[in-house]
Amino acid sequence: MSSAPPYAKELRIAQLAVQRAAILTKSVFNTTSKGTLSKSDHSPVTVGDFGAQALIISALKYNFAQDEIVAEEEAEELRTNTDLRGKIWGYVKDTKLDGEGEKELGGAIESAESMLDIIDLGASQGGSKGRIWAIDPIDGTKGFLRGGQYAVCLALIVDGKVKVGVLGCPNLPVDDSARIENSMGKDQQDSEGKGVLISAVEGQGATGRALSASTGGKDDGRSISMKPLEDITKASFCESVEAAHSNQSLQAEIAKKLGIVAESVRMDSQAKYASIARGAGDIYLRLQVKRGYEEKIWDHAAGVVIVREAGGLVTDSEGKELDFGRGRTLRGNSGIVAAPKGVHGRILDVVKEVSAGVKL
Ligand SMILES: Nc1ncnc2c1ncn2[C@@H]1O[C@H](COP(=O)(O)O)[C@@H](O)[C@H]1OP(=O)(O)O
Ligand SMILES: [Mg+2]
Ligand SMILES: [Mg+2]
Ligand SMILES: [Mg+2]
């Protein structure tokens, strides 16, 4: 009898949890009031972010009670803002997967109060030992709000290394080869059957399938891989929409030095990692704008294992491996360079050369 490959259950539960959370974010998108708050760093958070985080953590606690969880959001504000809490609960209590999937996730959360406690189970400080799940319930909240790209992100980190990654991208086409375009909004797919779920387990390759696939069967999805890049001048960069998140002028200079003529494709969230991993784009660059910004582990963990398993290499802008064992942030790293293995070194050389003269 053959036994299941390593992390089979973790992958299955992570995929189901992301699928369920994405049902919630899609229904929040389709309502007029998204309950948007501004956080202390001025970034937005919505009913969708809180609700998706509650649903994912509830599924993880049911299946892997001992594991630590590092998640982006916290419930503090919701303990006094009963109006917003009620709105979130309205979505959380009604969001279910069809068929067997819902049972595997442990079913519904009991009450609005327990929902707040569940959201706060994501407050782990992370670290280099043990099993830690990293959750970004909505990555690219700004993209989500403008109807552009966003991703529901979940990854399992074991002793500081990412082992499993799942990205639910409700507004990306199911078709891997569909050309990616600048996403300034209006990408939302309002009919069922759209959106893609991209996953990877270390050493087992990366896969993609429709986000709306039935949860009953054993749909392993199709294998995905990066586009072979023989001529670097034909490549294109995939970058943030937000100018405050990555250094667009430096990145343009790097593109020029590499002989790249195509305009960068801009989209929010880890949909960038998903896109290059399935060959719909080539290179993801994210160079620091401001000295001292520490990238969050939930903004990269899933994307990094997916790109690696699809044939890519991901380092920081000095060529160092990303260290997910330092806490809630990648405090040992600066910037991100994700590219097909064969050209990564060449790109990194230019990144270093161009960055050398820059003072942030
Ligand atoms: N100054 C910054 N530099 C880089 N990334 C940032 C900065 N401020 C916020 N972010 C993160 O960028 C992510 C979106 O990136 P993108 O531009 O690729 O869509 C958000 O999750 C946000 O993280 P967070 O919300 O955890 O603070
Ligand atoms: Mg955020
Ligand atoms: Mg994020
Ligand atoms: Mg987020």
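The values are calculated or read from the model by the stated rules, or taken from the named source; none is laboratory data. Predicted, not measured: the structure shown is a model, and the values here were computed from it. Here Cβ is always computed from backbone atoms with ideal geometry, including for glycine, and neighbour counts include all displayed protein chains. Note: areas computed on protein heavy atoms with side chains; ligands, DNA, RNA excluded. Shrake-Rupley method; radii C 1.70, N 1.55, O 1.52, S 1.80 Å.
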(request) Taking only the stretch 95-113 into account, find how many residues are more than 27 Å from Glu10 (Cβ to Cβ) and open to solvent by 40 Å² or more (accessible area, probe 1.4 Å). (result) 1
(request) Kindly list, by first and then second residue, each pair from a residue in the stretch 39-57 that is more than 18 Å from Ala155 (Cα to Cα) and open to solvent by less than 10 Å² (accessible area, probe 1.4 Å) to a residue that is assigned to a loop (DSSP other than H, G, I, E, B) and away from ligand 2 (no atom under 12 Å from the Cβ), limited to pairs with Cβ atoms under 7 Å and residues at least 6 apart or on different chains. (result) Thr46/Lys34; Thr46/Gly35; Val47/Lys34; Val47/Gly35; Gly48/Lys34
(request) Pull up the stretch 230-249, narrow it to residues that are of a type in the set (A, V, I, L, M, F, W, C) and surrounded by 20 or more Cβ atoms within 10 Å (Cβ to Cβ), then point me to the one that is farthest from ligand 3 (Cβ to nearest atom). (result) Ala235
(message) Of the residues Leu16, Leu11, only one is modelled with pLDDT of 95 or more, touching a strand residue (DSSP E or B) at 6+ places or on another chain (Cβ under 9 Å) and over 18 Å from Ser269 (Cβ atoms); which?
(response) Leu11
(request) Could you check the stretch 97-187 for helices (runs of 4 or more DSSP H) lying wholly inside it with 2 or more residues that are closer than 30 Å to Ser223 by Cβ? (result) 100-104, 141-145
(message) Of everything in the stretch 58-72, what is open to solvent by 10 Å² or more (accessible area, probe 1.4 Å) and either within 16 Å of ligand 1 (Cβ to nearest atom) or closer than 24 Å to Lys129 by Cβ (or both)? Give them in sequence order.
(response) Lys61, Tyr62, Asn63, Phe64, Ala65, Gln66, Asp67, Glu68, Glu72
(message) Give me the residue from the stretch 118-148 that is in contact with a strand residue (DSSP E or B) (Cβ under 8 Å, 6 or more places away or on another chain), open to solvent by less than 10 Å² (accessible area, probe 1.4 Å) and within 16 Å of ligand 2 (Cβ to nearest atom) and, out of that set, farthest from Lys39 (Cα to Cα).
(response) Ala134
(request) Could you tell me which numbered condition Leu78 fails, if it satisfies all but one of (1) in contact with a Gly (Cβ under 7 Å, 6 or more places away or on another chain); (2) crowded, with 22+ Cβ neighbours inside 10 Å; (3) free of Cβ contacts under 8 Å to residues at least 60 places away in the same chain? (result) (1)
(message) Against the condition within 14 Å of ligand 1 (Cβ to nearest atom), in contact (Cβ under 8 Å) with a residue 12 or more places away in the chain and among the acidic types (Asp, Glu), how does Asp139 come out, does it pass?
(response) yes
(request) Assess whether Ala206 counts as being touching an Asp or Glu at 6+ places or on another chain (Cβ under 8 Å), outside the structural domain of Gly311 (by TED's automatic domain parsing) and at pLDDT 75 or above. (result) yes
